[in-house]
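Below: the structure, in structure tokens.
The values are calculated or read from the model by the stated rules, or taken from the named source; none is laboratory data. These numbers come from a predicted model, not from an experiment. Methodologically, a virtual Cβ is constructed for each residue, glycine included, from the backbone with ideal geometry; neighbour enumeration extends over all protein chains shown. These accessible areas exclude ligands, DNA and RNA; they are computed on the full protein's heavy atoms, side chains included. Shrake-Rupley method; radii C 1.70, N 1.55, O 1.52, S 1.80 Å.
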Amino acid sequence: MSKPIEGVRVKCSRCEQQAVARVRYAKLNLCEQHFAEYLENRVVAFAKRLPIKDVKKALLALSGGKDSLSLAYIISKRKKDLGFESLIGFHLDLGIGDYSRNSRLAVEKLCHEKELTCIVVDLKTLTGYNLPELLLKTKRPPCSLCGLIKRYVINAMSVELGVDATVLGHHLDDILVFALKNLLTVGTLGDVKLTPVARGIPGLLSTRLKLLYEVYEDDLKLYAGLSRVDHTAERCPYKHVDFISASIRDMLENLEKHSPGYKIALIRKLTKQVVEEPPQGLKQCKICGMPSSRDVCAFCNLTAKIMGKPMGPEIRSKLREQAIALHH
Ligand code: SF4
Ligand code: ZN
Ligand code: ZN
């Protein structure tokens, strides 16, 4: 984790400039340029250690927040080093008032500046409802409903585009909190979400990559600020941090303060406990053809209940139109 250096004169460990960041786990003080380079190099070095030589064409899921937009910034700067030949940004506009408006604007602005091909789709155009409207029709908690929709739409978009992988902006702190919460509540680490590469099934389930796997949230904040990555500062009004997650975060923060580098060492140990296996027992939803552990996928099931008909096939065909439009 890195902290800004303010108000005191400290020299950069790599040049004569004033340092702006103290990278505690690496015992470095870095100026603006060297901090950005340091973080970008870490992402590239991590990606090079992953078994992803076959990934040439990728979809980058962009929420509009600092994490995914900083990643987009890093990837577009270091595309060649990462081995990507083609990258497509993807944003799902959930229709959550100012939060969604600002998120969408931030995504469009960054993609325009970085000349990144970008697909933006509206949940309302896809389903006839935005997220707040859908929430009125179900008792499901907002993030659970939103997560299910996003997972479905992002995977379907990746499948329709035929990309080799979907790149997600989850960082070290997110992943650790998820794994430890799972351990404390369910008794397992939540295997698939814990691996940096979750292999999919061609034409059905996209391979997912987490390139920020070993990147601290504080480093991303600093990077976004120093590199002027324009992201939405707006917080989703449905965001709720539960007590267990908040407690885990506090505990990890204290351990990191006491032993800089603790979180990276921990995630490396936890990953070793997880066997990365191809998804087991997956079928094709008999309505929409997307992956499912049952005959009908959770998305078709949910939309049948709250909208009167399963929306999977319609959404897939709308996303297919987007994919075809992009290729022409
Ligand atoms: Fe969706 Fe919850 Fe994130 Fe809001 S906080 S965008 S509802 S997952
Ligand atoms: Zn420097
Ligand atoms: Zn389905």
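Computed across the stretch 213-328, the Kirkwood radius stands at 19.2 Å (inverse of mean 1/r, all Cα pairs).
Modelled label positions at K137 and R78, each set 7 Å beyond Cα in the direction of Cβ, lie 4.3 nm from each other.
Only helices enter the 222 nm calculation for the chain: every DSSP H run of n ≥ 4 contributes -39,500 (n - 2.57), and dividing by all residues gives -15500 deg cm²/dmol, rounded to 500. Accessible area per residue for the chain, computed on protein heavy atoms with a 1.4 Å probe, is 49 Å². Among beta bridges identified by DSSP and lying wholly in the stretch 1-134, the antiparallel ones come to about 40 percent. Straight Cα distances below 19 angstrom link K181 to the aspartates and glutamates D173, D191, E214, E217, D242, D250, E253, E256, with same-chain residues fewer than 8 positions distant left out. Applying 0.36 nm per residue to the separation of A26 and R151 and subtracting their alpha-carbon distance, the gain on full extension is 41.5 nm. Taking the stretch 215-253 and a reference point 7 angstrom along Cα→Cβ of F46, the backbone N atoms nearer than 16 Å belong to 215-224.
In summary, the aspartates and glutamates within cross-link reach of K318, defined as a Cα separation below 13 angstrom excluding same-chain residues under 8 places away, comprise D122, E160.
The modelled label-to-label distance for the pair S86/M251, using points 7 Å beyond Cα in the direction of Cβ, is 4.6 nm. When the Cα convex hull of the stretch 130-215 is projected onto planes of every orientation, the mean area is 6.7 nm². In this structure the amide hydrogen of C288, modeled in the peptide plane, comes within under 5 Å of the amide hydrogens of C297, none closer than 5 places in sequence on its chain. A Förster radius of 51 Å combined with the Cβ-Cβ distance from K124 to Q17 puts the calculated FRET efficiency at roughly 0.60. Rg of the Cα atoms in the stretch 50-172, relative to 2.2 N^0.38 Å, amounts to 1.09.
Looking at the chain, the DSSP beta bridges with both ends there are about 40 percent antiparallel. Shape summary of the chain, radius of gyration then Dmax from alpha carbon positions: 20.2, 66 Å.
May I ask which of K114/K150; K210/K272; K56/K150 have a Cα-Cα span longer than 21 Å here? K114/K150; K56/K150, as the Cα separations exceed 21 Å there.
Each Lys and Arg contributes +1 and each Asp and Glu -1, all at the Cβ; summed about the Cα centre of the stretch 160-279, the dipole is approximately 200 debye. Protection proxy ranking of 231-239, 59-67, 315-323, by the mean of other Cβ atoms within 10 Å over each peptide's residues and highest first, is 59-67, 315-323, 231-239. Taking θ as phi - 60° and the Karplus parameters 6.51, -1.76 and 1.60, the scalar couplings of the stretch 207-218 work out to 5, 10, 10, 10, 7, 9, 3, 10, 9, 5, 4, 4 Hz in sequence order, x denoting glycine and proline. Based on alpha-carbon atoms, the Kirkwood radius and the radius of gyration of the stretch 34-96 give Rg/Rh equal to 1.00.
Taken about its Cα centre, the chain carries a charge dipole of about 500 debye when Lys and Arg each add +1 at the Cβ and Asp and Glu each add -1 at the Cβ.
Couplings 3J(HN,Hα) for the stretch 319-328, derived from phi with the Karplus relation 6.51 cos²θ - 1.76 cosθ + 1.60 (θ = phi - 60°), are 5, 4, 4, 4, 5, 5, 4, 5, 7, 9 Hz, where x marks Gly and Pro. Taking the protein heavy atoms of the chain in the context of the full set of protein chains, the accessible area attributed to carbon and sulfur is 53 percent at 1.4 Å. Across the stretch 235-240, coupling constants 3J(HN,Hα) worked out from phi with the 6.51/-1.76/1.60 Karplus curve, θ = phi - 60°, read 9, 4, x, 8, 4, 9 Hz, and Gly and Pro carry x. Compared with the direct C-alpha span, the chain from E113 to E6 gains 35.6 nm at full extension, assuming 0.36 nm per residue.
Of the residues L87, T303, Q280, the one whose Cα sits farthest toward the positive end of the charge dipole of the chain, with +1 on the Cβ of Lys and Arg and -1 on the Cβ of Asp and Glu, is Q280.
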